[in-house]
Protein chains: 2
Amino acid sequence: MLRISKMTDYAVVLATHLAAADGAHAARDLALQTQIPEPTASKVLKKLARAGVVISQRGAKGGYALARRPEQIGINEVIEAIEGPIAVTECSDESTDSFCEYETNCGVRANWQRINLAVHRALSEISLADMAFPGTSELVSIALSGKDAERLRDAGTPSNDVH
Amino acid sequence: MLRISKMTDYAVVLATHLAAADGAHAARDLALQTQIPEPTASKVLKKLARAGVVISQRGAKGGYALARRPEQIGINEVIEAIEGPIAVTECSDESTDSFCEYETNCGVRANWQRINLAVHRALSEISLADMAFPGTSELVSIALSGKDAERLRDAGTPSNDVH
DNA sequence: GCATATGGGACTGAAACGGTCCGGTATACA
DNA sequence: TGTATACCGGACCGTTTCAGTCCCATATGC
């Protein structure tokens, strides 16, 4: 199905929610607001935190907040936080040394990487801001490459306030 | 992992192989040449046939051949033949009426479809010809190791020596 | 010190995946 | 017309992954 797992879906919903409502929020609140079961939401948020998409504050009055501004977080980051690196096939997964033993005759390896790259770029060109505030920069973010878009948008307050 | 299943990998290998060697080939031969286990290759080819990516000829001297010219077959067709429609999440899957019951507050549905579209387009822009004869397209040189491409390109009769 | 909230990991039932096998049917050719 | 060949359709099964829950350790604010 080439479908993204439910967990990843949750991750996008949660991250989008955080993008729309800035500041820190407890996992429990986020779970209630998004109607995602609380333990599951918590699990997802942990992964997002470990991947650096969100930052966490432990203890009382703690919670989660986006690690960067929504415009600076690509949807690919959210997806990769849950699913691991976007490696379309084992043989195109650089991290593992699982070697396609018939690489010589399949000759497809390099092409898979190209497919992989195409998908990766398509995903990275959609930011959390696009998700949270659709319509504002819809066409722009598609037309621009990630870097250009970033430069264009870079004019605001750099850090977020996690009180 | 957002990884495409092994079956789909096989499908691309087989389709690419057919693209490089035109004419009809028995499933058994294709399996041998690509070193994919025969029953599995057969299963994949059946799906490709049903999806209209390849055409099949039954009976003695039968086999499989591409349904169209390699340039006219997008890699997305091959993937969809195996994995079904590229629907990133259930809630963005139009075919099922599985309704995101908190659509009102998640508000992400339309965005998922946009992501979906981006991926779909990225995949459809790569044809089987690009896979079978890399180098004819300019983008390939980035990701290409070169060695395999040369071998593939120079293989005049691709069905024999590929072992 | 206590309530609150995240971190990490173990655990489980259900579903999907990878792979195989078999009976049925269509076709070429002797 | 008979037979070998080759695809068609689906059943089957062991393994892995997925979705979801639970528990305990740890950090923090009051």
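The values are calculated or read from the model by the stated rules, or taken from the named source; none is laboratory data. Please read all numbers here as calculations on a predicted model, not as lab measurements. Don't worry about glycine lacking a Cβ; one is built from the backbone with ideal geometry, like all the others, and counts go over all protein chains shown. With ligands, DNA and RNA removed, areas are computed over all heavy atoms of the protein, side chains included. Shrake-Rupley method; radii C 1.70, N 1.55, O 1.52, S 1.80 Å.
Per-structure values
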read-out: Residue count, the stretch B:55-64 (criterion: of a type outside the set (D, E, K, R), open to solvent by 50 Å² or more (accessible area, probe 1.4 Å) and either in contact with a Cys (Cβ under 9 Å, 6 or more places away or on another chain) or assigned to a loop (DSSP other than H, G, I, E, B) (or both)); value: 2
read-out: Hits in the stretch B:17-54 (condition: within 7 Å of DNA strand D (Cβ to nearest atom), touching an Asp or Glu at 6+ places or on another chain (Cβ under 8 Å) and open to solvent by 70 Å² or more (accessible area, probe 1.4 Å)); value: B:R28
read-out: Lone unmet requirement of (1) modelled with pLDDT of 90 or more; (2) facing chain A (nearest Cβ under 8 Å) for B:I86; value: (1)
read-out: Residues being closer than 23 Å to B:G84 by Cβ, assigned to a loop (DSSP other than H, G, I, E, B) and over 15 Å from the mean Cα position of the chain (by Cα) - total across the stretch B:1-35; value: 2
read-out: Meets criteria (more than 11 Å from DNA strand C (Cβ to nearest atom), under 17 Å from the mean Cα position of the chain (by Cα) and open to solvent by 10 Å² or more (accessible area, probe 1.4 Å)) for A:A67; value: yes
read-out: Residue match in the stretch B:34-47 (condition: charged (D, E, K, R), more than 14 Å from every other protein chain (Cβ to nearest Cβ) and within 30 Å of A:I79 (Cβ to Cβ)); value: yes
read-out: Cross-chain or 6+ apart pairs with Cβ under 9 Å, the stretch A:18-34 first and touching a residue at least 40 places away in the same chain (Cβ under 8 Å), then outside any helix (DSSP H, G or I) and acidic (D, E); value: A:D22/A:D161; A:G23/A:D161; A:A24/A:D161
read-out: Failed item, numbered, when B:A11 is tested on (1) open to solvent by 20 Å² or more (accessible area, probe 1.4 Å); (2) within 12 Å of DNA strand C (Cβ to nearest atom); (3) more than 9 Å from chain A (Cβ to nearest Cβ); value: (1)
read-out: The stretch A:114-127 - residue that is modelled with pLDDT under 85 and either open to solvent by less than 40 Å² (accessible area, probe 1.4 Å) or not in a helix (DSSP H, G or I) (or both) and, of those, farthest from the other protein chains (Cβ to nearest Cβ); value: A:N116
